[in-house]
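Written below as structure tokens is the structure these notes are about.
The values are calculated or read from the model by the stated rules, or taken from the named source; none is laboratory data. Since we're looking at a predicted model, the values are computed, not measured. FYI the Cβ positions are ideal-geometry reconstructions off the backbone, even for glycines, and counts take in every protein chain you see. Areas reflect the complete protein model, heavy atoms only, side chains present, ligands, DNA and RNA absent. Shrake-Rupley method; radii C 1.70, N 1.55, O 1.52, S 1.80 Å.
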Amino acid sequence: MIDQPMPPSVKNYLSANEATALLGIRKQTLYAYVSRGWVRSVAQDQRKERLYLLGDLERLRTRAQVRAGHESAAASAMNWGEPIIATSITEICSDGPHYRGYCAVELAQCEVSFEAVAELLWNGEMHEPMRPWITTEPSSSMLALIEGFPKRVAQTQLIEVFALVTLHLAMGRGPTEERVLGGRTFEAARQVIQTLAGCFGLLSPASKFVAMRPGESLAAGLIKALGARDHPDNVGLLNSVLVLLADHELPPGTMAARMAASSGSALHSCIAAAIATSSGSQVARLFNRIDAFVGTKPSADQLVTRATRLVEDSEEVPGFEHPLYPGGDPRAHCMRALLKKRKSLPAAVEAICDYVEIMDKTHGLKARYELMLVALCRALGLPRHSSSALFVLSRTAGWVAHVVEQRTHGHMLRPRAKYINPISRGF
């Protein structure tokens, strides 16, 4: 028996009755597991009853499911399946993500600032109106790094630039040990987000870093960096997009951030891991596929014809059907409603909106937020590749929140694999 005479955490331990109910066994079997060292137990002060480590119990239950032929139960949880990580940050509901109890769609519609939403995700408190974040001047070495990227590389691989910039910022804040234990996580997070916002200037015709001005909101700084028209409606629309996409539970980038955090990595390394993971064809590069499918001067009829051909061939239509929202992606609905409020829209954006409506009526396909973000970027007159970069920037706020939460869990995320031997080898 492995005794641990330390006060147990209520969340991590179960009573004997709870443990036997979880595993579907008798108490005698539980005691046998403890004696074999399979389940760790702790004594309670002034009580005879012991408590049992939940992690050990869950591992035993998983093994029992595998032996019973339920390997798919664990595997499917990693693919849009059942929840596998406890979190108090974001809940996926039928009306979209809820950030610590606040509906993201409502926050966007009410024009709550992105900065306020980021702080909500990080510390659970809503302060609106939010005081502008303190800005810091980029270092000369940072500017040299950013200005050293060839124009084509910067414009077509901005997400990879984000990762390099984030790691460069880390090196300017001292050794890893100091950054992990220094207690300046949110200060560092604000600096990362503001610096990445300045990198959007690389997408503009000027192709240069545009630092944020003191007192400037992130949305306003982005409009300036991207060379878009500096109008309150444009700033408000872009701010709503940032709010809608700030977090979404556990997509690949967030899982990467949490994995890195569980291993003891510093914030910048966690963010860089999330950025790199999100650069793939199924996440950020999906925006580019949608943009290419839509084309430069689309008409609704042309888009419907091409999409219908894909449907008839049982192929995926880029920009439709989100697995978590069978009734339609609420974030896409919100973006479309925001577009309809504008006094006038470019012909290409009108065509995309008509295309979305027709596909819903004729095929029952519901637009995802990626398609509507592509349309929204065109409505704002933003440069190519803006949509994927905006996604990464906004999601950085969520990644920071998940890094902080994962650190409080105190254990390393390390899934196990079921080995399948394809062939037998011999000599």
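Does Leu107 fit the bill of being farther than 26 Å from Ser240 by Cβ and at pLDDT 70 or above?
no
Please enumerate the residues belonging to the range 228-258 that are within 16 Å of Ser344 (Cα to Cα) and charged (D, E, K, R).
Listed by number, the residues that qualify are Arg229, Asp233.
Could you look through the range 227-248, keep only residues that are in contact with a Gly (Cβ under 9 Å, 6 or more places away or on another chain) and charged (D, E, K, R), and pick out the one that is least open to solvent (accessible area, probe 1.4 Å)?
Asp247
Under 9 Å between Cβ atoms, which residue pairs at least 6 apart in sequence (or on different chains) link something in the range 402-427 that is farther than 19 Å from Leu54 by Cα with a partner that is open to solvent by 60 Å² or more (accessible area, probe 1.4 Å) and modelled with pLDDT under 85?
Lys418/Glu71; Lys418/Ala75
With respect to Lys340, determine if the residue is open to solvent by 20 Å² or more (accessible area, probe 1.4 Å) and either under 27 Å from Ser278 (Cα atoms) or touching a residue at least 40 places away in the same chain (Cβ under 8 Å) (or both).
Judged against the criteria, Lys340 is not a match.
Against the condition of a type in the set (Val, Ile, Thr), in a helix (DSSP H, G or I), surrounded by 13 or more Cβ atoms within 10 Å (Cβ to Cβ) and modelled with pLDDT under 75, how does Val66 come out, does it pass?
When the stated conditions are applied, Val66 passes them.
Is there any pair linking a residue in the range 269-297 that is among the basic types (Lys, Arg) to one that is open to solvent by less than 40 Å² (accessible area, probe 1.4 Å) and not in a helix (DSSP H, G or I), with Cβ under 9 Å and at least six apart or on different chains, and which?
Arg285/Ser279; Arg289/Pro318; Arg289/Gly319
Looking only at the range 3-45, filter to residues that are under 25 Å from Ala86 (Cα atoms), surrounded by fewer than 13 Cβ atoms within 10 Å (Cβ to Cβ) and at pLDDT 85 or above; which one of those is farthest from the chain's Cα centre (by Cα)?
Of everything passing the filter in the range 3-45, Asn17 is farthest from the chain's Cα centre (by Cα).
Consider Arg131 carefully, then state whether it is more than 25 Å from Ala256 (Cα to Cα) and assigned to a helix (DSSP H, G or I).
No: the conditions fail for Arg131.
If we keep just the residues of the range 406-421 that are part of a helix (DSSP H, G or I) and polar (S, T, N, Q), which is modelled with the highest pLDDT?
Gln406
Of the conditions (1) surrounded by 22 or more Cβ atoms within 10 Å (Cβ to Cβ); (2) under 19 Å from the mean Cα position of the chain (by Cα), Val404 satisfies every one except a single condition; which number is it?
In the conditions (1) surrounded by 22 or more Cβ atoms within 10 Å (Cβ to Cβ); (2) under 19 Å from the mean Cα position of the chain (by Cα), Val404 misses (1) alone.
Could you tell me whether Thr362 is touching a His at 6+ places or on another chain (Cβ under 9 Å) and polar (S, T, N, Q)?
No; evaluated as a whole, the condition is false for this residue.
Yes/no per residue for (1) open to solvent by 10 Å² or more (accessible area, probe 1.4 Å); (2) in contact with a Leu (Cβ under 6 Å, 6 or more places away or on another chain); (3) assigned to a helix (DSSP H, G or I); (4) under 30 Å from Pro323 (Cβ atoms):
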residue: Phe162; (1), (2), (3), (4): no, yes, yes, yes
residue: His168; (1), (2), (3), (4): yes, yes, yes, no
residue: Arg173; (1), (2), (3), (4): yes, no, no, no
residue: Ala189; (1), (2), (3), (4): no, no, yes, yes
residue: Pro214; (1), (2), (3), (4): yes, no, no, no
residue: Ala220; (1), (2), (3), (4): yes, no, yes, no
residue: Ala225; (1), (2), (3), (4): no, no, yes, no
residue: Ala256; (1), (2), (3), (4): yes, no, yes, yes
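Restricting to the range 347-364, count the residues that are modelled with pLDDT under 95, open to solvent by 30 Å² or more (accessible area, probe 1.4 Å) and of a type outside the set (Lys, Arg).
Residues flagged as modelled with pLDDT under 95, open to solvent by 30 Å² or more (accessible area, probe 1.4 Å) and of a type outside the set (Lys, Arg) within the range 347-364 amount to 4.
Within the set of pairs 6 or more residues apart or between chains, which connect a residue that is among the aliphatic types (A, V, I, L, M) inside the range 109-124 to a residue that is open to solvent by less than 10 Å² (accessible area, probe 1.4 Å) and not in a helix (DSSP H, G or I) with Cβ atoms less than 7 Å apart?
So the pair list comes out as Val117/Tyr99; Val117/Ala246; Ala118/Ala246; Leu120/Tyr99; Leu121/Ile89; Leu121/Tyr99; Leu121/Ala246; Leu121/Asp247.
Applying the selection to the range 294-310, what residues are within 14 Å of Val349 (Cα to Cα), under 29 Å from the mean Cα position of the chain (by Cα) and surrounded by 14 or more Cβ atoms within 10 Å (Cβ to Cβ)?
Val294
Can you tell me how many residues in the range 125-142 are within 22 Å of Ser207 (Cβ to Cβ), open to solvent by 50 Å² or more (accessible area, probe 1.4 Å) and touching a residue at least 24 places away in the same chain (Cβ under 8 Å)?
So the count comes out to 3.
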